[in-house]
Amino acid sequence: MADTDLLYLPDPERAYEKTFEAEVVEASDDHLKLDRTLFYPTGGGQPHDEGTIEVDGRQLSVTDVRKDHGDPLHEVTGEVPAEGTPVTGEIDWTRRHQLMRMHTAQHVLSAVVYDEWDAVTKGNQIHTDYSRVDFDVDEVTEDELERIENACNEVFDDDIPVEGYEEERSRLKKRIDTERTLLHLIPDHITTLRVVEIGDVDITPCAGTHVERTGEIGEMRILRTENKGSGRTRIVYDLQEP
């Protein structure tokens, strides 16, 4: 089985590509595996990309993308082409860019809350219209929420560059806060990690898609908090266009 070349990694600049050429390496029922792809598979709290795959002048809709032994498996509608067939893929850019903005905003929010309250992110889920992050803290007051929101928006207003690169796990471990980044949750056999660095605000392993600068994110609005029990508080937010 050939490993799929993930065209959206490691530099955030690559996540701005919208179309690509590829070849089918596996085909079964309504699924395709390609030798290269721009489609992001569901993972890390970020949902999959959608879009189309064109083959022989007809378009197949990509309705789901999930990992299969580490490689993206594309679920498509229509007649599946045979192995070895050349195809052209195109992602739904509006959806992709919204998820990029939301995901980078999540990194900033997690960093701000950790810096202020030593509260570790215990889970997150990105959506196109809103997103949420769970923290290991009993509650957050209205005044604290306002401070969090303002601190995040200051980072967005500062238009800080967002870098993405690969680094050996052993080297990265020596220079990051492993508690904040939950490095222990990444399987030990993964020795080379994709890292996302937002100026001096945050640095953490992440394989998701991100914007190139925080100025693209817009303005965060914290919509509400939810008590999830066991010392866990959920912060729900959305973004206004920049």
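Taking the conditions (1) assigned by TED's automatic domain parsing to the domain that holds residue 23; (2) surrounded by fewer than 16 Cβ atoms within 10 Å (Cβ to Cβ); (3) under 19 Å from the mean Cα position of the chain (by Cα) in turn, residue 123 satisfies each one other than (1). Can you name every residue in region 111-170 that is closer than 20 Å to residue 42 by Cα, touching a Gly at 6+ places or on another chain (Cβ under 9 Å) and among the acidic types (Asp, Glu)? The answer is 134, and nothing else. Of the listed requirements (1) at pLDDT 95 or above; (2) surrounded by 13 or more Cβ atoms within 10 Å (Cβ to Cβ), residue 168 misses just one: (2). A count restricted to region 74-113 and to residues that are in contact with a Lys or Arg (Cβ under 9 Å, 6 or more places away or on another chain), at positive phi and touching a residue at least 24 places away in the same chain (Cβ under 8 Å) stands at 0.
Please go through region 175-224 and pick out each residue that is of a type in the set (D, E, K, R) and at pLDDT below 95.
Filtering region 175-224 down to residues of a type in the set (D, E, K, R) leaves 175, 177, 179-180, 188, 194, 197, 200, 202, 212-213, 216, 219, 221, 224.
Matches in region 175-224: 175, 177, 179, 180, 188.
For the condition surrounded by 18 or more Cβ atoms within 10 Å (Cβ to Cβ) and within 26 Å of residue 98 (Cβ to Cβ), residue 154 does not qualify. Of all residues in region 171-209, those satisfying the criterion of being out of contact with any helix residue (DSSP H, G or I) (no Cβ under 9 Å at 6 or more places or on another chain) and over 22 Å from residue 115 (Cα atoms) are 171, 187, 189, 194, 207. Taken as a whole, region 93-115 holds no residue that is among the aliphatic types (A, V, I, L, M), in contact with a Phe, Trp or Tyr (Cβ under 9 Å, 6 or more places away or on another chain), over 22 Å from residue 221 (Cβ atoms) and surrounded by 15 or more Cβ atoms within 10 Å (Cβ to Cβ). Taking residue 134, is it free of Cβ contacts under 8 Å to residues at least 12 places away in the same chain and either surrounded by fewer than 22 Cβ atoms within 10 Å (Cβ to Cβ) or assigned by TED's automatic domain parsing to the domain that holds residue 23 (or both)? The answer is no for residue 134. Applying the condition of being of a type in the set (D, E, K, R) and more than 15 Å from residue 85 (Cα to Cα) to region 31-53 and asking which residue is surrounded by the most Cβ atoms within 10 Å (Cβ to Cβ) yields 49. The criterion of at least 2 residues that are farther than 26 Å from residue 38 by Cβ is met, among strands (runs of 3 or more DSSP E) falling completely within region 128-242, by 131-135, 219-229, 232-240.
One residue is enough: does region 138-146 have a residue meeting the conditions surrounded by 17 or more Cβ atoms within 10 Å (Cβ to Cβ), touching a helix residue (DSSP H, G or I) at 6+ places or on another chain (Cβ under 6 Å) and farther than 27 Å from residue 5 by Cα?
No: zero hits.
The values are calculated or read from the model by the stated rules, or taken from the named source; none is laboratory data. Keep in mind it's a predicted model, so treat the numbers as computed, not measured. All Cβ positions, even for glycine, are placed from backbone atoms using ideal geometry, and neighbour counts span all protein chains on display.
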